[in-house]
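J.: Starting off with a structure, shown below.
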Amino acid sequence: MHACAIVGAKKQAHFKGRVAVVKAGLPNQPRAPTRVTDERESPASGATDRVRALQSERQSLAAILDLLRRTDASTRLDIEREARLGRAVVTDRLATLSRFGLIVESGIGRSIGGRAPRLVRFHAEAGRLLVANIHRGTIGVGLSDLGSRLIVEHYEDIEPSISADALFERLEQLFSWLLDQVGSPDLWGIGLGVPGPVESLRGSRLALPTLGATPDWESARLVERLLSRFEVPAWVLSAVQMETMGELGTIKPELGGDMLFVDLGTEISAGVVSNGRLHRGAQGVAGEIGHVYAGEGHVAICGCGNVGCLETVAGCEAVVQQAVAAARQGQSRVLLDTLERNGGLTISDIGAAARLGDPYSADLLARCGRHIGTVMATLVNMLNPSAVIVGGELAVTGDICIAAIREAIYRHSQPLLTRDLNITRSRMGRSSGLIGATKVVTDEIFAPTFVEGWITAGSPLAHPDVGRIIAEARQALDEQRKTGPLPSSRGRMAEARG
């Protein structure tokens, strides 16, 4: 017999002996510890493990996607290092994201020895966003990619008294026209900026808002009709808040993410950004500085019902009224000539007269700037922003108003707070509202707590809250057709809070 056969026989006899000892259960032999086998494993424990694995997958997918959205391009090694994930996990997650079309591999990175690595990028062309901003008698609409880049934008004037039905029809026509311009990529969401404050339900990322400043639009269910027509989530803020987010992208990165944007029109309102995020307040209407008391001696009644609000002193309509009265009293020959020639005055006429050297117009703009700057100094003292951006019709009248605003802020704020403070005029114009709307929608869609709800399906339309909000919108429209106007969104919010 060969040696290997003898050894094999001995081993076989040895193991048979061990098996026999265990089966006999001799008292001298220690028992093996009892364990539950896979077949007898608790169903609840198995379900918990599966939930944990799915949650872990969602979190890692969301982390990698967020990392790629914040950088121009990364190598797989960079992703492993930044996300603190193993190579196998990163490879698997990148394959998943690539299958959904959310990332692409393009370009060659810098070699650190061996073959140069491929670069991985976020695929901003994976989806499209529809955005609109309605402000100062103008409706602006645009189509953007997921990187907040406007592909098409369009602006047109609308009547201030336009009905909600006419507005929806025009908005629907413009949105459909925009979608026809580009073709295939899926629509992921809508961003809408509207005049006046928008009340939203606190703690809910997707909820039907209340358009408090436009009750006609509220009763006509403008937002619900958009949700039902395009079947995508929609986020609605005030036009000024949308413009604030657009202006945020213009400040230098080294200034940080603390900013004030002030819109100077017939109404005066502000947008507040803290640490790169829009501060909306408890009901979503933070920034109504036009209703701050302007001080003793101002007795004009504001549209809100109070007396002496800043808007009644330095809003465009109030400024024009003062200019018309002064022209008729003979205080400004230039303004009187313009008034008689055109039959009225505009804020642009006052700015032009000031630039031509009219003393009254220059003094009027300077007074308004000081009133506005004094109120803004309170915000500077409280919030310590790194930048203040001034926009709106009054801001484009020239340098006189901006200089007066700057002077008042410096005078009434703590020196430390204004030492490095940048106070500038808006450079984006009307595009700021559309760009801001794209940022608001992408920030919401890719927010970590929201993206985990859809990332394993590859589209935010798969998020359960999206189906819920669209169903709520359609139910509201159905009930309205059957029984007439429903209680406003404000009433629904009160029920939700209760």
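Readers should treat all values here as calculations from the given coordinates under stated rules, not as data from a laboratory. Bear in mind the structure is a predicted one, so any value in this text is a computation, not a measurement. Reconstructed Cβ throughout: ideal geometry from the backbone, glycine too, with neighbour counts over all protein chains shown.
J.: Hey, with R₀ at 35 Å, roughly what FRET efficiency would Thr138 and Gln329 work out to, going by the Cβ-Cβ distance, to 0.05?
T.: On the way: r = 33 Å, r/R0 = 0.96.
It comes to 0.55.
J.: Here is a further query. Compute the distance in nm between two label points, each set 7 Å from the Cα along the Cα-to-Cβ direction, one at Ile151 and one at Ala73.
T.: The answer from the label model is 2.2 nm.
J.: Here is a further query. Arg170 to Asp478: FRET efficiency via 1/(1 + (r/R0)^6), r the Cβ-Cβ distance, R0 30 Å, to the nearest 0.05? Could you put the intermediate results ahead of the total?
T.: On the way: r = 24 Å, r/R0 = 0.80.
Taking R0 as 30 Å, the efficiency between Arg170 and Asp478 is 0.80.
J.: A further question follows. Determine the gain in length on full extension of the stretch Ser98-Asp443; use 0.36 nm per residue of separation and subtract their C-alpha separation, reporting nm with one decimal.
T.: Details: separation 345, 0.36 × 345 = 124.20 nm, distance 2.11 nm.
Going from the current span to full extension adds 122.1 nm.
J.: So what is log10(I(q)/I(0)) for segment 406-469 at q = 0.18, 0.25 1/Å, when the Debye sum runs over its Cα atoms only?
T.: Ignoring solvent entirely, the Cα scatterers give -0.76, -1.00.
J.: What distance in nm separates the two pseudo spin-label positions at Gln321 and Thr378, each 7 Å out from Cα along the beta-carbon direction?
T.: According to this spin-label approximation, the distance is 2.1 nm.
J.: Between Ser161 and Ser106, what FRET efficiency comes out of the Förster formula 1/(1 + (r/R0)^6) with R0 = 45 Å and r the beta carbon distance, rounded to 0.05?
T.: On the way: r = 51 Å, r/R0 = 1.13.
With a Förster radius of 45 Å, E is 0.35.
J.: Sticking with this one: Given Val324, Leu345, Leu383, which one lies farthest toward the positive end of the charge dipole of segment 308-395, if we put +1 on the Cβ of every Lys and Arg and -1 on the Cβ of every Asp and Glu?
T.: Result: Leu383.
J.: Need the full-extension length gain, Val182 to Ser219, defined as separation in residues times 0.36 nm minus the C-alpha distance. One decimal, nm.
T.: 10.0 nm
J.: Also: State the Cα centre-to-centre distance between segment 51-81 and segment 232-258 in whole Å.
T.: Measuring centre to centre over Cα atoms gives 25 Å.
J.: Also, I was wondering about something else. Taking 0.36 nm per residue of separation and subtracting the Cα-Cα distance, what length does fully extending Asp337 through Thr424 add? Walk me through the numbers on the way to the answer.
T.: Numbers: separation 87, 0.36 × 87 = 31.32 nm, distance 3.24 nm.
Residue separation times 0.36 nm, minus the Cα-Cα distance, leaves 28.1 nm.
J.: If packing is taken as the mean number of other Cβ atoms within 10 Å per residue, what is the order of 280-286, 160-166, highest first? Intermediate values should be presented prior to the final figure.
T.: Working: 280-286: 16.6, 160-166: 12.1.
Descending packing order for the listed peptides: 280-286, 160-166.
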